[in-house]
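One structure below.
The values are calculated or read from the model by the stated rules, or taken from the named source; none is laboratory data. The model shown is predicted, which means the values in this text are computed figures rather than measured ones. A quick note on method: Cβ atoms are made from the backbone with ideal geometry, for glycine too, and the neighbour counts reach across all protein chains shown.
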Amino acid sequence: MNTKTFSLAELGWRPMLQQQLSFEELDSGFAARVDAVFRDRVHVLSEQGELSVPLMGILDSDDPEARATTGDWLWLANDTHRPIKLFERNTLLKRTAAGTDPKAQLIAANIDTLFVVSSCNLDFNVSRLERYLALILAAHIPAVIVLTKADQTDAVEPYLDQAGAIHRDVPVIAVNALASDIIETFAQWTGSGQTIAFIGSSGVGKSTLTNTLLGQRFTIPVAFAR
């Protein structure tokens, strides 16, 4: 077990989740949030630190949606860390796998706002943004389009206009991912207990953006989806 611990508030816990537990479960376990999924185990963060939890019991299911994904909340046994409960999800981002017997592929759960990241250069692609938004809005997750590298062009407005025309209810912002005021730009979506995620093609600045936010003591868990 890693010695670094996390408060439930830092991990995005909401008190209403406790209503899903019986009195017996409350006395015998603790909450943990999934931050990575592997073939035979999940990695979780909790008040007891970072833990590796085998895919056993309730998590060992043939139903893809009954298995844990990044962002899920688990209730683990105090003594063995055995998974007791997979909490009901607030949101679930998924896609259908290709093949003759397509099954759901889970991407992430319990996301409050999902940022679709593109950049103000040749990577900008309206069709790609539309595909991402279709996936996100089908999951009923609020979306925001983020255009990075706004500081590297003299003509940001055409990018904003094209992105804004995709969906009238999806906000669009243009940013410099290294700017010192970036946390103020994202403040309206990152209140206490909020979980955000970023999705976008490689090289658009997701990691730079996240590192800048984290470097300014940004404690909200951030999940990646490519």
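Among the residues of segment 133-151, at least one is part of a helix (DSSP H, G or I), assigned by TED's automatic domain parsing to the domain that holds Ser201 and farther than 24 Å from Arg95 by Cα. All conditions but one from (1) not in a loop (DSSP other than H, G, I, E, B); (2) not assigned by TED's automatic domain parsing to the domain that holds Ser192 apply to Ser118; the one that does not is (2). Scanning segment 154-174 for residues that are within 23 Å of Thr212 (Cβ to Cβ) and at pLDDT below 95 yields a count of 1. Being buried (at least 16 other Cβ atoms within 10 Å of the Cβ), closer than 27 Å to Ala143 by Cβ and modelled with pLDDT of 95 or more is not true of Asp35. Summed over segment 171-192, the residues that are in contact (Cβ under 8 Å) with a residue 24 or more places away in the chain, closer than 14 Å to Leu147 by Cβ and among the hydroxyl-bearing types (Ser, Thr, Tyr) give a count of 0. Scanning segment 11-32 for residues being among the polar types (S, T, N, Q) and surrounded by 13 or more Cβ atoms within 10 Å (Cβ to Cβ) gives a total of 3. Considering Ser180, Ser127, Ser207, the condition of being assigned to a loop (DSSP other than H, G, I, E, B), surrounded by fewer than 16 Cβ atoms within 10 Å (Cβ to Cβ), not assigned by TED's automatic domain parsing to the domain that holds Pro15 and not hydrophobic (A, V, I, L, M, F, W, C) is satisfied by Ser180 alone.
Checking Leu26, Leu86, Leu92 one by one, the residue that is among the aliphatic types (A, V, I, L, M) and farther than 29 Å from Ala143 by Cβ is Leu26 and no other. Scanning segment 40-56 for residues that are buried (at least 17 other Cβ atoms within 10 Å of the Cβ) and in contact with a helix residue (DSSP H, G or I) (Cβ under 9 Å, 6 or more places away or on another chain) turns up Val42, Leu45, Ser46, Val53.
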